[in-house]
1. Rounded if a/c is under 1.5, else prolate if a/b beats b/c, else oblate: with a ≥ b ≥ c from the C-alpha gyration tensor eigenvalues square-rooted, which is region 56-148?
2. Can you find, among ILE115, PRO70, ILE148, the residue farthest towards the positive end of the dipole of region 28-171? Put +1 on the C-beta of Lys and Arg, -1 on that of Asp and Glu.
3. Give the distance, in whole Å, between the Cα centre of region 80-130 and the Cα centre of region 27-78.
4. Is there a quick way to get the dipole size of region 73-171? I mean about its Cα centre, with the Cβ of Lys and Arg at +1 and of Asp and Glu at -1; what is the value in debye to the nearest 20?
5. Of LYS86/LYS106; LYS101/LYS152; LYS86/LYS152; LYS35/LYS123, which sit over 20 Å apart, Cα to Cα?
Amino acid sequence: MDGYRPTMGGVGGIGGTFLDIRTAVKLPDALRGEKYAFVGLPLAEFMEGGGIDASNIGVGRLAPVDNTLPADSFVQGVVILTPRAKALASWLAGTEVAGLKADLRKRELVMETDIDNQYLMAKLNDEQRREAAVYEEGKDALGGLHFISVQKDEDDDPAGFWLLREIPVNL
């Protein structure tokens, strides 16, 4: 095809590339979380017989888990804590949540939804940037598997929970 360059095939999409110049927009104030935490949950919790299933995730979805992954590994994720957890979870349920990425170069935590929307969830300080690097490494180790949990506080059940698999850019 005239003008086709395979080297440009990875521009955009989840994960982006170095040429990705899209800019994330801020979430409306009514939907912003007050606190964010990078956490890990045992992969076994998401497998058959585990403690996390459709009955206890609030609104949200669970991606299928590859049974060949080591059950003793940890799935990395982000917990969003906000007194408006139900509102944020409901809004996210109305979108097609594609993934959550930590852009270490821009020092941003960005949620990707629908086909090409990006929302700035948080700016990362130095400590959060180190945690975000561990988060991204954990995602890569499990083939892009990660999660988002929206909760009112640390002791509450999730108002919404999404187990997601980031699709590789080269597909």
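1. oblate
2. So the residue furthest toward the plus end is ILE115.
3. 15 Å
4. For this selection, approximately 220 debye.
5. The answer is LYS86/LYS106; LYS101/LYS152.
Read-outs throughout are calculated quantities, based only on the coordinates presented, and are distinct from any laboratory measurement. All values reported here derive from a predicted model rather than from experimental measurement. Cβ: placed from backbone, ideal geometry, glycine included. Neighbour counts: every protein chain shown.
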